[in-house]
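Note sheet for the following structure.
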Amino acid sequence: QGQLKTRFFGRNSRLVYVPVVDSTNILSMQLARQGAAEGTVVLTDSQTAGKGRLGRQWLDVQYCHVLSSTILRPTFSPYLLVMIASLAVVNAISSVSEVVASIKWPNDILIGNRKVAGILIETSHDQNGRMLAIVGIGVNVNGLSDQLASNKMTGIATDLQRPGAIATTLQTECGYVVSRETFIAHLLHHLETLYLGLQQEANEPVAMVNQSTSRLIREQWRSQLSTLGRHIEVRQGNTIVSGVAEDVDETGGLLLRNHSGLRVSITWGDIGYPTE
Ligand code: BTN
């Protein structure tokens, strides 16, 4: 609490800490359905059933990582949540270190070509039909790469099953231990700032909307993508689509030029870089 830089997120009763939980996303969804305030943040040291994207598991090592979920009730399109969550992580890394992180489409956070954080956003609706969103963020903060190599640090275990998917920690990359409290304070600050900007824009009278906030966020997210311009393979279940990642569309979908020269729009999947 002492280090928080936010106005709402994680303040007072909006901070829920549980030493161990199945998944902060599951607990947050339950709390949200019971009416928990927007900006409620659930933090834990260890998850017994952490969830990754596309139904995978997210395993962790106790006391090393940031495992957080934030309850939001956005009045803007959910695709923007993917963008603000990944920008918040990249910005938080810049706030605590000299390390430059990038985004692997749609929202894996990489340092070089190694994954340092993952994001899982789950949406639903409350009894009044309003959107509920849980923004789950897992960051490999401390611990060193030799632990990663021996597979003890498994925030990324499921990714390790994919060729070319290597994980890292912030400590490995910047060379010193990063306080998790400090990191969370920066993360929530960036997330709140981006979120409140979009909520304000969404609630402006139609005549006043100039969409500059969402445009800026789309541009920032696009500029941090390390995927564009590269030859990629997109795994969608058992199917693989390959080609060159040319651009993203308005809602963050990936525009791929396939081998037949056709432009394909990709809205989900796992990206791999086959030539590396
Ligand atoms: C991925 O890269 O596949 C997404 C991983 C998301 C992990 C975080 S850890 C905190 C939150 N609670 C969960 O169960 N998952 C997310």
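The values are calculated or read from the model by the stated rules, or taken from the named source; none is laboratory data. Since the structure is predicted, the reported quantities are computational estimates derived from the model, not experimental observations. Don't worry about glycine lacking a Cβ; one is built from the backbone with ideal geometry, like all the others, and counts go over all protein chains shown. The protein model used for the area step is the full one, side chains on, heavy atoms only, and it has no ligands, DNA or RNA in it. Shrake-Rupley method; radii C 1.70, N 1.55, O 1.52, S 1.80 Å.
In the chain, if the dipole is taken from +1 on Lys/Arg beta carbons and -1 on Asp/Glu beta carbons about the Cα centre, which of Trp221, Phe183, Val206 is farthest to the positive end?
The listed residue farthest towards the positive side: Val206.
Considering only DSSP states other than H, G, I, E and B, which chymotrypsin sites (Phe, Trp or Tyr not before Pro) in region 1-98 qualify as loop sites with at most 14 other Cβ atoms within 10 Å?
Tyr63
For the chain, what is the charge dipole size about the Cα centre, in debye to the nearest 20, if Lys and Arg each add +1 at the Cβ and Asp and Glu each add -1 at the Cβ?
Dipole about the Cα centre, nearest 20: 200 debye.
Considering only protein heavy atoms and a probe of 1.4 Å, how much of the accessible area of region 65-123 is carbon and sulfur, as a whole percent?
47 percent
How much accessible area per residue does the chain have, counting only protein heavy atoms and a probe of 1.4 Å, in square angstrom?
Heavy-atom accessible area per residue stands at 45 Å².
Would you please put 107-119, 128-140 in order of how densely packed they are, using the mean number of other Cβ atoms within 10 angstrom per residue and starting with the highest?
My ranking of the peptides, most packed first, is 107-119, 128-140.
Which whole-Hz ³J(HN,Hα) couplings does region 20-25 yield from phi under the Karplus relation 6.51 cos²θ - 1.76 cosθ + 1.60, θ = phi - 60°, glycine and proline marked x?
9, 8, 4, 8, 5, 5
How many percent of all Cα-Cα pairs in region 191-276 sit more than 20 Å apart?
Roughly 46 percent, once rounded to a whole number.
Quick one: Cα convex hull volume of region 4-133, Å³ per residue?
122 Å³
Taking amide hydrogens as modeled 1.01 Å from N in the peptide plane, which residues meet the under 5 Å criterion relative to Val264, leaving out close sequence neighbours?
Amide H to amide H, under 5 Å and 5 or more residues apart or across chains, Val264 pairs with Leu256, Arg257, Asn258.
Could you grab the relative contact order for the chain? Cα pairs under 8 Å, six or more apart, rounded to a whole percent.
Reported relative contact order: 18 percent.
Might you report the magnitude of the Cβ-based charge dipole of region 199-276 about its Cα centre, with Lys and Arg at +1 and Asp and Glu at -1, to the nearest 20 debye?
Roughly 160 debye, rounded to the nearest 20.
How much solvent-accessible surface does Ser124 expose, in Å² to the nearest 10, with a 1.4 Å probe and all protein chains in place?
We get 20 Å² for Ser124.
List, largest first, the extents of the alpha carbons of the chain along their principal axes, each in whole Å.
If we take the Cα atoms of the chain, the spans are 54, 53, 35 Å.
Sort Thr169, Thr193 from largest to smallest accessible area, using a 1.4 Å probe on the heavy atoms of the protein chains.
Heavy-atom accessible area, descending, gives Thr193, Thr169.
When the helices in the chain are scored as -39500 (n - 2.57) per DSSP H run of 4 or longer and the sum is shared across all residues, what 222 nm value do you end up with, to the nearest 500 deg cm²/dmol?
Computed ellipticity for the chain at 222 nm equals -8500 deg cm²/dmol.
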